[in-house]
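Each remark here refers to the structure printed beneath this line.
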Amino acid sequence: MQSGWRFGTLRNIPLRIDPSWLYIVGLITVSDAVAFAPRYGLALGTLAGLAMALLLFGSVLLHELGHSVVAQSQGITVNSITLFFFGGVAAIERESRTPGGLFQVAIAGPAVSFLLCLLFGLLGLLLPLDSLGATLAVNLTRINLALTLFNLIPGLPLDGGQVLKAGIWQATGSRLQGNRWAATSGKILGALGIGLGLLLLLQTGDFGSIWLALIGGFIWRSADRYETINAIQEVLVELVAADAMNPADFWARAGNNTRLSLGRMLALPDEVTVRESLPLLDVVDQLDRERLRSLPVVSLSGSVSGTIDRGSILAIVAQRLMIAVTPTQVESARETGVFPPNLPLSAIVQTIK
């Protein structure tokens, strides 16, 4: 998520605000102004409401910065931090290479929120009991405690889902299995949130319950996207170059001996060929790294058995996942070297390379 307005840079990380952020800031400002006005007056109550909204999102920003700093310490590029309707998100270029590293990145955000909870709690004790500052500090203490606990719920896209994924990855040795279980957990939690929010709305008539349903819907959608990306990654690991290669008519007609002798005669260097047994994950990475449109595919004997390109890879992945792609999209991927937006295979590969 790298849309919105850029409002600054921190540790070489662009800071952005999504337009949806303005709605929630306005809502929090008005809601808190109504609560503060009877006690502090309309003008001061409104300023206090705006301060609460800004301090809340400042807490969210520091939460995401916690993730980002730990990711940077592992050599991972952080493309941006964006504040939006449901909070914030750090756009991290790739995942950690180990389950321990993933756990560290995931837990850093809740750790920052918990530290802010302690700091605001201490500030609330030091300020005069009935002062506006103490009221704000107490509210921010509760908010950061809620952020800590909420983000530790074990389901993607929440930090607790990343912690769960790291644990399963460590136990099974499979990053993809960890991702699958954490995404499934996220979808279950999201569905529960939607159902509970709607049930409370129908039973109590409290429109505040709709927030629970909206948050549940956001979690479900995000977890579903994680599940889809994981399915694509599994296919890219499972399928090999031989599954997606295009045997040229010449190679298809030629006998084994002819292909073998010509392949040896060409003496193609390893860096511009791929083995038939190479996973598509590595084929896509090599095409991107070498900035090539296609690569010759060689058999174990060293003979050239065909070629592979992004179009043929797109076609086989879409077929395996039963995702609709048009011949135009396949041809475009082959000619331009760019996968379509609905199957951004290069970006998905880079998240786990």
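The values are calculated or read from the model by the stated rules, or taken from the named source; none is laboratory data. The structure presented is a predicted model; accordingly, all values stated were derived computationally and were not measured. Glycine also receives a Cβ, built like all others from the backbone with ideal geometry; neighbour counts cover every protein chain displayed. Note: areas computed on protein heavy atoms with side chains; ligands, DNA, RNA excluded. Shrake-Rupley method; radii C 1.70, N 1.55, O 1.52, S 1.80 Å.
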Does at least one position in region 74-81 carry a residue that is in contact with a strand residue (DSSP E or B) (Cβ under 7 Å, 6 or more places away or on another chain), open to solvent by 20 Å² or more (accessible area, probe 1.4 Å) and modelled with pLDDT of 95 or more?
-> no
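Rundown of residues vs (1) without any contact (Cβ under 8 Å) to a residue 12 or more places away in the chain; (2) surrounded by fewer than 16 Cβ atoms within 10 Å (Cβ to Cβ); (3) more than 21 Å from ASN144 (Cα to Cα), yes/no style:
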| position | (1), (2), (3) |
| --- | --- |
| GLY8 | yes, yes, yes |
| ILE13 | no, no, yes |
| PHE36 | no, no, no |
| LEU54 | no, yes, no |
| GLY58 | yes, yes, no |
Could you list, in sequence order, all residues of region 151-176 that are open to solvent by 50 Å² or more (accessible area, probe 1.4 Å) and out of contact with any helix residue (DSSP H, G or I) (no Cβ under 6 Å at 6 or more places or on another chain)?
-> ALA171, THR172, GLY173
For LEU202, are the conditions met, namely being buried (at least 19 other Cβ atoms within 10 Å of the Cβ), out of contact with any Leu (no Cβ under 6 Å at 6 or more places or on another chain) and aliphatic (A, V, I, L, M)?
-> no
Scan region 3-18 for residues that are within 15 Å of PHE57 (Cβ to Cβ), in a strand (DSSP E or B) and at pLDDT 90 or above and jot them down.
-> PHE7, GLY8, LEU10, LEU15, ARG16, ILE17
Report yes if some residue within region 230-245 is under 21 Å from the mean Cα position of the chain (by Cα), of a type in the set (D, E, K, R) and open to solvent by 40 Å² or more (accessible area, probe 1.4 Å); otherwise report no.
-> yes
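Within region 123-147, take every residue that is out of contact with any Cys (no Cβ under 6 Å at 6 or more places or on another chain) and among the hydroxyl-bearing types (Ser, Thr, Tyr) and give me the one that is farthest from ILE215 (Cα to Cα).
SER131
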Going through region 104-125 one residue at a time, which ones are crowded, with 18+ Cβ neighbours inside 10 Å and more than 23 Å from LEU164 (Cβ to Cβ)?
-> LEU116, PHE120, GLY124
Checked region 118-141 for anything closer than 16 Å to ALA35 by Cα, outside any loop (DSSP other than H, G, I, E, B) and either touching a strand residue (DSSP E or B) at 6+ places or on another chain (Cβ under 9 Å) or without any contact (Cβ under 8 Å) to a residue 40 or more places away in the chain (or both); matches are GLY133, ALA134, ALA137, VAL138
Looking at this structure, is LEU27 at pLDDT below 90 and under 31 Å from the mean Cα position of the chain (by Cα)?
-> yes
Please list, ordered by first then second residue, the pairs with beta carbon atoms under 8 Å, 6 or more apart or interchain, first in region 224-249 and modelled with pLDDT of 95 or more and outside any helix (DSSP H, G or I), second open to solvent by less than 60 Å² (accessible area, probe 1.4 Å) and among the aliphatic types (A, V, I, L, M).
-> LEU239/LEU280; LEU239/ILE316; LEU239/VAL317; VAL240/LEU278; VAL240/LEU280
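Run down SER131, SER68 and say which single residue is over 27 Å from LEU192 (Cβ atoms) and either charged (D, E, K, R) or surrounded by 19 or more Cβ atoms within 10 Å (Cβ to Cβ) (or both). Show your work before the answer.
Details: SER131 fails: either charged (D, E, K, R) or surrounded by 19 or more Cβ atoms within 10 Å (Cβ to Cβ) (or both).
Exactly one of SER131, SER68 is over 27 Å from LEU192 (Cβ atoms) and either charged (D, E, K, R) or surrounded by 19 or more Cβ atoms within 10 Å (Cβ to Cβ) (or both), namely SER68.
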Does PHE86 satisfy the condition of being in contact with a helix residue (DSSP H, G or I) (Cβ under 6 Å, 6 or more places away or on another chain), modelled with pLDDT under 90 and aromatic (Phe, Trp, Tyr)?
-> yes
Pick out the one residue from LEU268, LEU200, LEU192 that is in a helix (DSSP H, G or I), hydrophobic (A, V, I, L, M, F, W, C) and either under 16 Å from ILE352 (Cα atoms) or at pLDDT below 95 (or both).
-> LEU200
Which residues, counting only those in region 299-324, are among the β-branched types (Val, Ile, Thr) and either modelled with pLDDT under 90 or open to solvent by 40 Å² or more (accessible area, probe 1.4 Å) (or both)?
-> VAL304, THR307, ILE323
